[in-house]
Every structure is written in C-alpha cells, then in structure tokens.
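For reference, the structure is listed below as structure tokens.
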Amino acid sequence: MNRHTIALPAGYRHTDAFTFHGRDADALAEQVDTDAGRIRKGVLLDSVPTVLDITLHADRAECVVASDGAAPIEAVHDALANMLGLRIDPAPFEQAVRDDPLFGPLVARQPGLRVIQSATVFEALTWAIIGQQINLPFAIALRRTFVKLAGRVHSSGLWCYPEAADVARLDIEQLTSRKFSGAKAETLLRFARLVADGALSLDRTADATGVSERLLAVKGIGPWTVNYALLRGWGYADCSLHGDVAVRNAIGRLRGTERPDMREAEAFLEAYRPHRTMAAAYLWASLNQPAG
C-alpha cells in the first residue's frame, strides 16, 4: 500500500470530481462519499487490480493506492492526475472570455470549473463508444455490465475497470446478449483487440492530429467519439465537441436561438480556439443553471 499527496490549485472544485466519478449509483467500480470528501476507484493498471482511494482536502488530495500486485507507479500517477482533472488549467480560458458576452457570465457563476477525466485513456474511449447515441442511464447500465464482463474484483471487493486485453477476450455474444447493439459490440471488440495487439497506440504524448487519424481509421469510431476521448482520455485543451447534442443544445440556449446544426456549432466553437475543451465544459455545466 502506497500513499501519495498531490497539491491542489487554489479554488479547486471538489464537486466536479464527485459528480463525474459518482455517476453510477450502484457504485460498482467507483464509490463517492461527499461528506468524507472521498473517492474510491477500481481500475486495472498493467493487469494489476488497483484501488485508488482519494480524500480531497482544501489544498491537497491524499491518495492511498492499494494494488493486488505491483502496479506501475507511472500509471498510478497518470490515473490520479486524470481523475482529479489536473491536466487542463481553466485559467487561460477564463481570462480569454472574461469580457465575452456569452461565456463571461457562465465563468463568473462557476469559476474554476475542471474537466475531470477517466482514470485511463482506454476507459475514456470505451465509455465514449458505450455511451454514444443513447441516454445516460442506459449508458451507465451498459458500462456496469461491461465492467462485470471484462473487469476483475479487487481484494477489497470493488470492481476494477478492464484493460484492452481483458475486453479483447470477450465474444460478441457476451455483449449482444446483454443489451449491447451489434454495432456497439463490434466496435468495442475491434478497438480493444487493436490496442491489445499493439496495432493501435494510446500514447498520451502523441499529438492530437495523429491520435485522431489513427482512431478515425477504426471502423465504428467517428468524430464525436474521437473528440470526447481526446477530452476525457488525453486531456487535450482544444477539442471541438460540435457533434455533441448537449453542447449544441447549450449553444442554442446561450444564444436564445434554436439548437444549431453541427456545422453551425463547429463555427461557433471555432472562435474559442485554443480553449474549445473548456468551452464545452462550460456549455455542459450551463444546462444545469437557470437560463438567462
């Protein structure tokens, strides 16, 4: 068992992390206790079942890492940075839109909004594939099934989100018999097998253009999945989520117009380069705020 302390930026918003990691009410692979300021996450790191037990304080996160083996320390640090949303600094976007008539008021109401990420790039991509074009409760239910099929249980009892090799061993019938569409199941298995075989790299240091090209070459993976994965997995600061229905709804609501189509939304977001990831984050958050 290892302990790590990570300094948190001034004004760090605990709620962003609690909300993202607490989406599954069944708490299969994540447990969130907001009263205790605690997040427990199960994930396979280099095939080692690992639980990241994070307690958030005002100025720091104290993390206890319990692995059923020897998880690579680099992978642990990577996962913690992702889960705490420390890859994208919101300050440059906030400064850029301080006088913007649309985003300025949004930022003023929720300063310091963080883009929280999935623990691993593989988790982000598989979640994007699972959740595409279905409602959130159904997507969360499918994700739970996915974890039970391919993940493993940590010695503490918490399930661990799988890695590519675990998913690659599944048969398509194991997914389609549990409410996955044929297309979704095929894409998940195709993607996992490419990663497991080494044919598709999920290297975090790769440039966004190269990553996009490699992912778009995989049958079943389209622009929305790629941009969402760039945001939630790689933590790139300039992802255009113009294909996201919620983002487009938020743009229409913000402007007091009908929901724009994808081309119009893309043109709207273009004005906020190189901070389009934070623009999307604030647009998502705006849907939970009163209009006006």
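The values are calculated or read from the model by the stated rules, or taken from the named source; none is laboratory data. From a predicted model like this one, the values you see are computed outputs, not experimental measurements. A quick note on method: Cβ atoms are made from the backbone with ideal geometry, for glycine too, and the neighbour counts reach across all protein chains shown.
On the stretch given as the stretch 110-167, residues that are polar (S, T, N, Q), in contact (Cβ under 8 Å) with a residue 60 or more places away in the chain and part of a loop (DSSP other than H, G, I, E, B) total 7. Among the residues of the stretch 2-32, those that are farther than 22 Å from GLY112 by Cβ and in a strand (DSSP E or B) comprise ASN2, ARG3, HIS4, GLU30, GLN31. Would you mind stating whether THR50 is more than 30 Å from ARG109 (Cβ to Cβ), over 16 Å from the mean Cα position of the chain (by Cα), of a type in the set (Ser, Thr, Tyr) and buried (at least 21 other Cβ atoms within 10 Å of the Cβ)? Judged against the criteria, THR50 is a match. Would you confirm whether any residue within the stretch 175-184 is crowded, with 18+ Cβ neighbours inside 10 Å, β-branched (Val, Ile, Thr) and in a helix (DSSP H, G or I)? Within the stretch 175-184, none of the residues are crowded, with 18+ Cβ neighbours inside 10 Å, β-branched (Val, Ile, Thr) and in a helix (DSSP H, G or I). Scanning the stretch 1-21 for residues that are surrounded by 15 or more Cβ atoms within 10 Å (Cβ to Cβ) and either in contact with a Lys or Arg (Cβ under 8 Å, 6 or more places away or on another chain) or closer than 18 Å to PRO162 by Cα (or both) gives ILE6, LEU8, TYR12, ARG13, ASP16, ALA17, HIS21.
Just one of the listed residues (THR187, THR145, THR126) is closer than 30 Å to ALA91 by Cα, among the polar types (S, T, N, Q) and either over 20 Å from the mean Cα position of the chain (by Cα) or at pLDDT 95 or above (or both), and it is THR126. Being of a type in the set (Phe, Trp, Tyr), touching a helix residue (DSSP H, G or I) at 6+ places or on another chain (Cβ under 9 Å), over 17 Å from ALA96 (Cβ atoms) and buried (at least 21 other Cβ atoms within 10 Å of the Cβ) is a property that holds for TRP234. Every condition in (1) touching an Asp or Glu at 6+ places or on another chain (Cβ under 7 Å); (2) closer than 16 Å to ARG23 by Cα holds for ALA128 except the one numbered (1). Determine, yes or no, whether LEU86 is closer than 27 Å to ALA280 by Cα, touching a strand residue (DSSP E or B) at 6+ places or on another chain (Cβ under 9 Å), among the aliphatic types (A, V, I, L, M) and part of a helix (DSSP H, G or I). In short, no.
Specify the residue that is surrounded by the fewest Cβ atoms within 10 Å (Cβ to Cβ); the eligible residues are those in the stretch 208-221 that are free of Cβ contacts under 8 Å to residues at least 24 places away in the same chain and within 15 Å of THR187 (Cα to Cα). That would be ALA217. If you go through the stretch 148-159 one residue at a time, do you hit one that is under 16 Å from the mean Cα position of the chain (by Cα) and at positive phi? Checked the stretch 148-159: no residue is under 16 Å from the mean Cα position of the chain (by Cα) and at positive phi.
Residue-by-condition table, conditions (1) acidic (Asp, Glu); (2) at pLDDT 95 or above; (3) under 20 Å from the mean Cα position of the chain (by Cα); (4) surrounded by fewer than 18 Cβ atoms within 10 Å (Cβ to Cβ):
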site	(1), (2), (3), (4)
PRO72	no, no, no, yes
LEU84	no, yes, yes, no
VAL97	no, yes, no, no
GLY104	no, yes, no, yes
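Here's the yes/no breakdown for (1) among the acidic types (Asp, Glu); (2) outside the structural domain of GLY42 (by TED's automatic domain parsing); (3) over 22 Å from ASP26 (Cβ atoms):
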{"site": "GLY157", "(1), (2), (3)": "no, yes, no"}
{"site": "CYS160", "(1), (2), (3)": "no, yes, no"}
{"site": "LEU170", "(1), (2), (3)": "no, yes, no"}
{"site": "LEU175", "(1), (2), (3)": "no, yes, no"}
{"site": "ALA185", "(1), (2), (3)": "no, yes, no"}
{"site": "LEU188", "(1), (2), (3)": "no, yes, no"}
{"site": "ASP203", "(1), (2), (3)": "yes, yes, yes"}
{"site": "ALA206", "(1), (2), (3)": "no, yes, yes"}
{"site": "SER212", "(1), (2), (3)": "no, yes, yes"}
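The residues in the stretch 241-273 that are touching a Phe, Trp or Tyr at 6+ places or on another chain (Cβ under 9 Å) and part of a loop (DSSP other than H, G, I, E, B) can be counted, and the count is 6.
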